[in-house]
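The next block holds one structure in the form of structure tokens; read it before the comments.
The values are calculated or read from the model by the stated rules, or taken from the named source; none is laboratory data. As the structure is a prediction and not an experimental result, all values here were calculated from the model. Remember, those area values only see protein heavy atoms, side chains included, never the ligands or the DNA or RNA. Shrake-Rupley method; radii C 1.70, N 1.55, O 1.52, S 1.80 Å.
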Amino acid sequence: MKWILPLTHEEEITIATYEAIAPLWKEKHADSKFWRRSFAEFQELLPEGHVIDIGCGCGKDASFFLGAGY
């Protein structure tokens with residue numbers, strides 16, 4: 001990923017850490033029943049509209065939103 005401003009050493013470490021743990025997190029959480037229940041509650045509160053999914057892990061939430069027509 002290309003950044004506009006140079007990253008600090010701490011920011012580089014943070015990004016490297018997230019990139020290292022992302023595959024394991026995705027494997028562990030991609031099909032969580034907890035998130036499905038939470039998403040159903042979300043749909044009751046916002047039955048239609050637009051949603052932006054930023055910094056939410058592996059994109060699993062985005063697939064729920066797209067599948068529901070958001």
* **0 to 90° range, to nearest 10: angle between helix 33-45 axis and the chain longest Cα axis** => 60
* **Carbon and sulfur %, accessible surface of the chain computed with the full protein complex present, 1.4 Å** => 62
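Return the calculated 222 nm mean residue ellipticity for the chain, to the nearest 500 deg cm²/dmol, obtained by summing -39500 (n - 2.57) across DSSP H runs with n ≥ 4 and dividing by the residue count. Working shown, then result.
Numbers: 3 runs with 42 residues, N = 70.
About -19500 deg cm²/dmol.
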* Structure fact -> Helix 9-29 sits off the longest principal axis of the Cα atoms of the chain, rounded to the nearest 10 on a 0 to 90 degree scale, by 40
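Rolling a 1.4 angstrom probe over the protein heavy atoms, how many square angstrom per residue are accessible across the chain?
Values: 6200 Å² over 70 residues.
Per-residue accessible area for the chain comes out at 89 Å².
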